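The values are calculated or read from the model by the stated rules, or taken from the named source; none is laboratory data. Keep in mind the model is a prediction, meaning the values are calculated, not measured. Backbone-built Cβ (ideal geometry, glycine too); neighbour counts: all protein chains shown. Calculation scope for accessible area: heavy atoms of the full protein, side chains included, ligands and nucleic acids excluded. Shrake-Rupley method; radii C 1.70, N 1.55, O 1.52, S 1.80 Å.
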Amino acid sequence: MAGSTVATDSHTQTSSPKRWILPLLAPIIGLLVADLIVTPMLGAKAENLPVAIVNADSGITLPTGETINAGAQAVENLTSADQQVLDFTLVTSGQSAEELLEDEGYYAVLEIPADFSQAAAAAQAGGGEASALTATVDQSKTMMGVQTATNALTAMSQNSPVAINVTTINKIPTEWGFAGSFAPMMLFIGTFISSLVSSILLAGSHSVSKARGTTAWVNAGLQVVYGAAAALLVGFGATWLVQSITGFELPFTELALFLSALSAGYIALTTGFLDLLGTKGVALSALTMLLGTATLSIPRQFLPTFWSEWIYPWIPARFAGQGARDILYAGEAWLNSNTGAFFWMVAIGLALIAVAALKNRAPRS
């Protein structure tokens, strides 16, 4: 009888469809995962990068009665130029270049000086040179967007009779070198991986899904307490690690608190997924990282339509990347316009944990 049972079990395992299908599904799943990372990068197109034009020139009237408005003509030439990389918009709000770059989402601001028409008239009469335009590029924006804006404006200056002086604000420290551009990505990936591991261990050691009644709620509370402590360890640990490896002099406390908020969001969200779905919950958390990788360095305007319209508005990675750049390069505090997204992640995660505890509120019979 025993031998018959073993033979039957062996035959069942051999004839199971999963035994033959899973090895074939594995590479397909791997390709789909890779596709989530590669597609937005390969499908990115350098076009429609927002650049503001501020025209301080109001034109002049010559003694002959002729009116010259070189500023308005320059605006017309820029906005109607046959190019798709930069999307020029005339701004008349009176905001400074710094305010436009910070509040309105422009990658650069092109300023036409007040004496532009006067200088143009003098140059035509052989009595001087035309005034140069000033372009200010914000280096705290996405790496690809900054490079594109700088290169496009420099090329325009070289191919135009009017010079464009390109300057930058919120500069990446020169001593950081090439690695400075990748610092936000390194910080995000390190924080995500540490938070994911913390969540798996937390959900396993204080399981809500395997507990019942009061024990489920006690474990939920322990997950929250230990999760908060783990988030602080991750945030300060990731900051210390990157500073130690690179030798960068980082704004340690502000950056560590920001990364702690990011970690708290991921720990709460992942733990909630695990409590409700078991190990499958890890896949959902990992999906938010994979979908958002491209948003760390590519502007929204360059992304394929699906990523630009459906992924970019909510994906945590883009808030993490921009928030880290604002702290590293623009000197902002940890509690900035991007941190709120992490509080929403915490709220959703806590709600998922509570739902899991409610499902198991009845004690075991």
GNM result for the chain, Cα springs below 10 Å: residue of Gly94, Gly227, Gly204 fluctuating most strongly: Gly94
FRET efficiency for Phe178 and Arg19, using Cβ-Cβ distance with R0 set to 41 Å, rounded to 0.05: 0.25
CD proxy at 222 nm, helix term only [per DSSP H run n ≥ 4: -39500 (n - 2.57); per residue of the chain; nearest 500]: -20000 deg cm²/dmol
Protein accessible area in the chain, 1.4 Å probe - carbon and sulfur %: 62 percent
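Which of rounded, prolate or oblate describes region 241-319 when judged by the alpha-carbon gyration tensor and an a/c cut-off of 1.5?
Oblate, because a/c is 1.5 or more while a/b does not exceed b/c.
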Peptide ranges 316-322, 258-264, 197-203 listed from the most packed, as the mean C-beta count within 10 angstrom indicates: 258-264, 316-322, 197-203
Inter-label distance, nm, simple model (7 Å from Cα along the C-beta direction), Ala351/Leu241: 3.1 nm
Distance cut-off 15 Å, percentage of C-alpha pairs in region 44-126 lying past it: 61 percent
Candidate aspartates and glutamates for bridging to Lys18, where Cα separation is under 19 Å - those fewer than 8 sequence places away on the same chain excluded: Asp9
Kirkwood Rh, Cα atoms: Rg over Rh of region 73-112: 0.97
Estimated FRET transfer efficiency (Val197, Gln73; beta-carbon r; R0 56 Å; 0.05): 0.40
Pairwise FRET efficiency - Leu287 versus Ala114, Cβ, R0 = 30 Å, nearest 0.05: 0.05
Under the span-like rule (Cα at least 24 Å along the axis, Kyte-Doolittle mean at least 0.5), DSSP H helices of the chain: 17-42, 179-205, 214-246, 252-277, 340-359
Alpha-carbon Debye profile of region 187-317, log10 I(q)/I(0) at 0.13, 0.20 Å⁻¹: -0.60, -1.09
Extension gain, Phe306 back to Glu99 (0.36 nm per residue minus Cα-Cα distance, nm): 71.5 nm
Chain lengthening between Asn159 and Asp87 when straightened (0.36 nm per residue, less Cα-Cα): 24.1 nm
Diffusion coefficient, µm² s⁻¹, Stokes-Einstein with Kirkwood Rh over alpha-carbon pairs of region 96-247 at 4 °C and 1.567 mPa s: 64 µm²/s
Translational diffusion coefficient (Stokes-Einstein; Kirkwood radius from C-alpha pairs) of the chain at 25 °C, 0.890 mPa s, in µm²/s: 102 µm²/s
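With every protein chain kept in place and ligands, DNA and RNA left out, what is the accessible area per residue of the chain? Probe 1.4 Å, answer in Å².
Per residue, the chain has 52 Å² of solvent-accessible surface.
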Beta bridges per DSSP with both ends in the chain, % antiparallel, nearest 5: 25 percent
Amide N proximity, region 181-204 versus Glu249 label position 7 Å along Cα-to-Cβ, cut-off under 13 Å: none
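Could you please tell me the mean projected area of the C-alpha convex hull for region 68-176, averaged over all directions and given in square nanometres to one decimal?
Over every viewing direction, the Cα hull of region 68-176 projects on average to 7.8 nm².
Starting with the highest mean, order 168-176, 49-57 by the number of other Cβ atoms within 10 Å, averaged over the residues of each peptide.
Descending packing order for the listed peptides: 49-57, 168-176.
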Cα principal axis extents for region 256-365, largest first, Å: 58, 32, 18
